[in-house]
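The values are calculated or read from the model by the stated rules, or taken from the named source; none is laboratory data. The shown structure was predicted, so the numbers you read here are calculated from the model rather than taken from an experiment. In this analysis, Cβ positions are derived from the backbone assuming ideal geometry, glycine residues included, and neighbour counts consider all displayed protein chains. Ligands, DNA and RNA are stripped out before the accessible areas are found, and what is left, the full protein with its side chains, is counted by its heavy atoms. Shrake-Rupley method; radii C 1.70, N 1.55, O 1.52, S 1.80 Å.
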Amino acid sequence: MLILAKAAMALMLGFICAIICGLIIIPFFRKLHIGQYVCKDISKRHLKKEGTPTMGGIIFIVPVILGLIYLYITKSISISYNLLILLFVFLSYAFLGFLDDFLKIKNHQNDGLSLVTKFLCQMFIALVFFYLFMRGGGSTTLRFSLLNINIPLGWTFGLFIFLFLVGMTNAVNITDGLDGLAGGLSVIAFLAFGIIAWNCGWLEGYQEIAIFSFILVGALIGFLMFNSHPAKIFMGDLGSLALGGSLATIAILTRHELSLFLIGGVFIIEAITSLIQIIAIRKFNKKIFLKAPLHHHFEELKWEENDIVKLFWTIGLIFAMIAITYGVWL
């Protein structure tokens, strides 16, 4: 019951802080004209969203930091080494996303940092994470616990971490294309990983990682109060990169990397459909989907935005329940 009480408190703390942040930040951003620029290639339905405040990721990032500080001051949690690694990735990717969003707003267009610059920055963050992970006694063995199979990767585990972090950050970023889509899927994903983390009693700071996840879930629910259709604010790269990097980090720290392929399954599907579309157009001059990523394909089929979001949330929830069963029970 104590675990449930702590989880409920973390959720409530994140939610209340996010609501307060949203009520303050949205009018402030509107006053400063910090608005989204919509790519003209996207569905015409999205053109009316131009000018909607962006960088809304701050609505759930600030509550996580304030919540952790409050819980530390009240001696409800301790600051573990693994929590510090998680916070480093969370804030580093958030800062990278902020730079990208800032340049888009400054230049009055939908292009921020160049792909090369963004890739190099993501690679640097992944390298620092790998160093910190190994210094903290991290293992380079990939485990298939259900099959009782261990695969030692050695130095190539660093490459695996890089692909994992960069892949998931970009997958969440690509998914953030409809009101509430990435936010709702992230609520499901972090709730699942919070449950999994609390089951990792062997991990230093496992409770703190779980509490981080639950505070973030509460903050994301608060954010969805402003981001669900019709959105009053978008999370921007500031939010999506931070969420993707954190998901990958928790998966690696808890040694549930394979669970992420289910928990983040919808994110991964969205990224794969984009990749398939790019290859098909460049190599074969043909389209596989009407538009990519997948949520835009459904838009072209004249689905309502809310219906697409609800379908994707449902699929994400099913994937997460399977992953929890595998990660906690089996």
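What to note about this one:
- The tail of the calculated P(r) for segment 139-187 beyond 12 Å holds 70 percent of all Cα-Cα pairs.
- Taking each DSSP H run with n ≥ 4 as -39500 (n - 2.57) and averaging over every residue of the chain yields -23500 deg cm²/dmol at 222 nm.
- Amide H partners (placed H, <5 Å) of Leu142, local residues excluded: Ile151, Leu153
- A simple packing score, the average count of other Cβ atoms within 10 Å per residue, orders the peptides 65-76, 177-188 as 177-188, 65-76, with the highest score first.
- Cα shape, segment 171-232, gyration tensor, a/c 1.5 rule: prolate
- Centre separation in Å (Cα based) which lies between segment 265-284 and segment 42-115: 25 Å
- Put a dot 7 Å past the Cα of Trp303, heading toward its Cβ, do the same for Tyr72, and the two dots end up 4.2 nm apart.
- For segment 108-177, the carbon plus sulfur part of the accessible surface works out to 67%, probe radius 1.4 Å.
- The mean sequence distance of close C-alpha pairs (under 8 Å, at least 6 residues apart), as a share of the length of segment 44-139, puts its relative contact order at 25 percent.
- Here segment 206-307 was treated as a single set of alpha-carbon atoms; its pair distances binned every 10 Å from 0 give 13, 32, 35, 17, 3, 0 percent.
- Mean sequence separation of contacting Cα pairs (under 8 Å, at least six apart), scaled by the length of segment 205-330, corresponds to a relative contact order of 22 percent.
- The chain: relative contact order as a whole-number percent, Cα under 8 Å and 6+ apart: 27 percent
- Accessible area per residue, Å², the chain with all protein chains present, probe 1.4 Å: 47 Å²
- Summary of packing: across the peptides 299-308, 245-254, the per-residue average of other C-beta atoms within 10 Å ranks them, highest first, as 245-254, 299-308.
- Estimated inter-spin distance, His108 and Lys31, nm [label 7 Å along Cα→Cβ]: 2.3 nm
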